[in-house]
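Since the structure comes first, as structure tokens, the remarks are kept for the end.
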Amino acid sequence: MKSTLLTAIVASSMALASATPKGVSFVKAGALSQRSIETAVPLTFTGQAFVDGPNVTLTGTAESIYNDLLAINPAYSEWDFPEYQERMHALGFTKESLLEHAKSHDITKLRKRGHTTCNPSGNEVGNWGLQCLEGIDYLGRLNGYCQAPAGPGGCARTSCSHGCGIFLCNDNRQSISVWCGNQVGDVYDIAATCERERTSYVFSLLGQIFRDGPPAWNTVVRTQNC
């Protein structure tokens, strides 16, 4: 059953940021500025292509980075990595369930520490369960760390497909690295609070979730020209 959750309205702006004692960064006015999206940089990923192999650093989108990993190691499978299995299970995902939440909209809050706003800058994704599915899939295939540039309001374009943009944003004054799989949980947690049923089994989505640190980060889902 779909959870009904209170939306935490976070007032923010690109210009100023402050950190709570727990390390959560909040932007001070208007949860996300359009400029943060317009100046978003490609995603930088650092992780292994082979189990017990060296780290590689790749730049692009989740999809292009996954394809680069396959080019390096045609047998690459994220589920071969023990760290990946451990982290995904901690987030409540199995190999079989990773995409089912988006397909069924049977969404529950997967993690407790987060502050969500449903009105960042931008427009709703009209049918997020369909449009964002590919981005969620490729994000879920990356065993490694995704980087966001220094903030406040520094964003990396994690995924853009079928009009659904997923962004990793940072209000710290230095760049940060976040385990990529966390953003899969972020998208579902945003949906648990912010999705709106338009017609039967068609849900729109616009939202932003702020995660406790260290390092603090935030994830944005919104319509985007790809």
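Each reported figure results from applying straightforward, stated rules to the coordinates on display, with no laboratory input. Given the structure is predicted, the values throughout are model-derived calculations rather than measurements. Glycine also receives a Cβ, built like all others from the backbone with ideal geometry; neighbour counts cover every protein chain displayed.
Just round it to a whole percent: the fraction of Cα-Cα distances in region 70-226 exceeding 27 Å.
Cα-Cα pairs of region 70-226 separated by over 27 Å account for 18 percent.
Along region 51-62, what does the Karplus equation 6.51 cos²θ - 1.76 cosθ + 1.60 (θ = phi - 60°) give for ³J(HN,Hα), rounded to whole Hz, x for Gly and Pro?
So the Karplus estimates, Gly and Pro as x, are 4, 6, x, x, 6, 10, 10, 10, 10, x, 10, 3 Hz.
P(r) of region 134-207 in 10 Å steps, Cα pairs, percent per bin?
Histogram of Cα-Cα distances, whole percents per bin: 19, 46, 29, 6, 0.
Would you grab the residues whose amide H sits under 5 Å from the one on residue 116? Only those 5+ places off in sequence or on another chain, please, with H modelled 1.01 Å from N.
Residues meeting the criterion, in which the H sits 1.01 Å from N, are 8, 210.
Short version: ³J(HN,Hα) in whole Hz for each residue of region 85-90, in order, from phi by Karplus 6.51 cos²θ - 1.76 cosθ + 1.60 (θ = phi - 60°), x for Gly and Pro, what are they?
Karplus-based 3J(HN,Hα) across region 85-90 equals 4, 4, 5, 5, 5, 5 Hz.
What are the trypsin sites (Lys or Arg not before Pro) within region 166-217 that DSSP puts in a loop, where the Cβ has at most 15 other Cβ atoms within 10 Å? Working shown, then result.
Values: sites: 173, 196, 198, 211; in loops: 173.
In loop regions of region 166-217 (DSSP not H, G, I, E or B), the sparsely surrounded trypsin sites (Lys or Arg not before Pro) are 173.
Tell me which residues come under 5 Å, amide H to amide H, from residue 206 once H is placed; ignore anything under 5 positions away on its chain.
125
Using θ = phi - 60° and the Karplus form 6.51 cos²θ - 1.76 cosθ + 1.60, what ³J(HN,Hα) does each residue of region 138-155 get, whole Hz, x for Gly and Pro?
The phi angles translate into 5, 4, x, 9, 9, 9, x, 10, 9, 10, 10, x, 4, x, x, x, x, 10 Hz.
Taking H placed 1.01 Å from N in the peptide plane, check which residues at least 5 places from residue 150 or on another chain put their amide H under 5 Å from its amide H.
Residues meeting the criterion, in which the H sits 1.01 Å from N, are 175.
Find the centroid of the Cα atoms in region 153-190 and in region 46-98, then give the distance between the two in whole Å.
17 Å
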